[in-house]
Amino acid sequence: MKRKSYYRLPAGVQDLLPDECYNLNTIEEKLEKKFSLAGCSRVQSAALEFYDTYAEIKNKIPQKKMFKLTDGDGSLLVLRPDMTLAVARMAATADIALPSKLCYFSNVWDYAGAGSYTIREIYQAGVEFLGVSNAFSDAQAIAFAIECLQAIGLKDFIIDVGHAGFFKGILEECALDAEEVEKVRLLVNAKDAVGAQALLEKHGAPKKASDALAALPTLFGGVDVLSRAEKYAGTPASREALDRLKKVYDLLKQFGLEKYVSFDLGTVKDLSYYSGVVFTGLTRSIGSAILSGGRYDNLADDFGRHVPAVGFAMGLKRILIALERQGALRPAAPQADVVLFSEEGAEAKAYQAYLELTEAGRRVDLLAADTFSTEDLKNAGIVVLKATKKGVEKL
């Protein structure tokens, strides 16, 4: 009978070994400094929440995407599936003062997994700007996303910008229900213009809407996309979306960041979740998005308070992969720069010397005598000390 491999991990999760943890911690330290200097306050939501928090609200998360478990009293719980919704809940129920900037480092769990890198335990860093709803706050969020990617050393990246209102505006006159709109959205995201047109024609949608939908997959690239899209903006919502994007781009240009920005009106994120500008961070080093964000003015309404907001989250494990492929990671965690040996009977002296060195900022490995070859250590540029009953000497 074949023995089960209990030492294997479930699909979609992974351990991080010392070198990976070192590089991940380095990224975190850079981002934490960036967040703090930008006036962000850190929050941490509970990992366990009630199933109904995410399944019974307007902006619900599909149950098949959530890890579910049962509490002792029979209540259905989930592992946190979305950090932005958790922040929206906190902003509404904890009466957080507005405006406010919040940040976090947290895991989220996706039961289904998605993309080329099927990860179900996703470690994220994110920022949410709460209580603001103007074009400047949109531009500020995108600019800050660029700053964060620069701060961690990522090169050759772009922020792809769109607007949920442009797609919503196209479909305003089509009399589709929410389920049909979602089908059209998925077809557009798959760049299946023929399928999306066929679905609209089936429901008797106006030809101008069908033509606009067919053009969506072509509306990507530089700022000229916004001019090309004007002839398809047949409703107030679509025109307002383009006007907002033009204002945001003008501000980003004034910030000197236009080279990091492109536009894609044919990528349509969740319409119930996002209410305005949306953006995605992309790099040639990896085939999946490393950053995702946008405006979500109505999320907190589900929890009893209107809190306009814009923010983004970065997938830190994907960023690790991208940095590694760009040659921007340290190949190994740093070794101790001092090795302190202790002979038998001198342990107290060795320990005191260890405390003094570490308090002075040195990385110290305290070991019993003769654990390693002192010549090998010295050849590696490490200072070697030895504690004896007489004191501490350099070898």
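The values are calculated or read from the model by the stated rules, or taken from the named source; none is laboratory data. Since this is a predicted model, take the numbers as computed values, not measurements. Methodologically, a virtual Cβ is constructed for each residue, glycine included, from the backbone with ideal geometry; neighbour enumeration extends over all protein chains shown.
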Quiz item: Can you tell me how many residues in the range 253-268 are closer than 14 Å to Ala139 by Cβ, in a helix (DSSP H, G or I) and over 21 Å from the mean Cα position of the chain (by Cα)?
Solution: 3
Self-check item: Subset tally (residues that are more than 16 Å from Ala346 (Cα to Cα) and of a type outside the set (Val, Ile, Thr)) for the range 366-394
Solution: 9
Self-check item: Given (1) under 19 Å from the mean Cα position of the chain (by Cα); (2) surrounded by 21 or more Cβ atoms within 10 Å (Cβ to Cβ); (3) closer than 30 Å to Lys247 by Cα, index of the condition Val108 fails
Solution: (3)
Quiz prompt | Whichever residue in the range 156-206 is farther than 18 Å from Tyr232 by Cα and of a type in the set (Lys, Arg) and, among such residues, is surrounded by the fewest Cβ atoms within 10 Å (Cβ to Cβ) | solution = Lys202
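If you scan the range 159-190, which residues turn out to be over 15 Å from the mean Cα position of the chain (by Cα) and within 27 Å of Ser36 (Cβ to Cβ)?
Val161
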Quiz item: Taking Glu179 and the conditions (1) at positive phi; (2) at pLDDT below 80; (3) not basic (Lys, Arg), which numbered condition does it fall short on, given that it satisfies the others?
Solution: (1)
Exercise. For the range 171-182, state whether one or more residues are part of a loop (DSSP other than H, G, I, E, B), more than 22 Å from Lys60 (Cβ to Cβ) and in contact (Cβ under 8 Å) with a residue 60 or more places away in the chain.
Key: yes
Quiz prompt | Extreme residue, farthest from the chain's Cα centre (by Cα), among residues of the range 218-236 that are outside any loop (DSSP other than H, G, I, E, B) and surrounded by 19 or more Cβ atoms within 10 Å (Cβ to Cβ) | solution = Tyr232
Exercise. Can you tell me which residue among Leu367, Leu340, Leu385 is assigned to a strand (DSSP E or B), farther than 24 Å from Tyr22 by Cα and in contact with a Phe, Trp or Tyr (Cβ under 8 Å, 6 or more places away or on another chain)?
Key: Leu385
Self-check item: Matching residues in the range 121-134 - criterion: being more than 14 Å from the chain's Cα centre (by Cα) and either closer than 20 Å to Gly281 by Cβ or assigned to a loop (DSSP other than H, G, I, E, B) (or both)
Solution: Phe129, Gly131, Val132, Ser133, Asn134
Quiz item: Could we say that Ala151 is over 22 Å from Phe263 (Cα atoms), more than 14 Å from the chain's Cα centre (by Cα) and modelled with pLDDT of 95 or more here?
Solution: yes
Exercise. For Leu242, work out the one condition from (1) exposed (fewer than 14 other Cβ atoms within 10 Å of the Cβ); (2) part of a helix (DSSP H, G or I); (3) not polar (S, T, N, Q) it doesn't fulfil.
Key: (1)
Quiz item: If you take the residues in the range 273-320 that are touching a Ser or Thr at 6+ places or on another chain (Cβ under 6 Å) and polar (S, T, N, Q), which one is surrounded by the fewest Cβ atoms within 10 Å (Cβ to Cβ)?
Solution: Ser288
Quiz item: Can you name every residue in the range 249-288 that is of a type in the set (A, V, I, L, M) and in contact with a strand residue (DSSP E or B) (Cβ under 6 Å, 6 or more places away or on another chain)?
Solution: Leu252, Val261, Leu265, Val277, Val278, Leu282
Exercise. Consider only pairs whose beta carbons are under 6 Å apart and that are at least six residues apart or on different chains; among these, list those whose first residue lies in the range 326-350 and is without any contact (Cβ under 8 Å) to a residue 60 or more places away in the chain and whose second residue is surrounded by 17 or more Cβ atoms within 10 Å (Cβ to Cβ) and among the polar types (S, T, N, Q).
Key: Ala350/Ser342
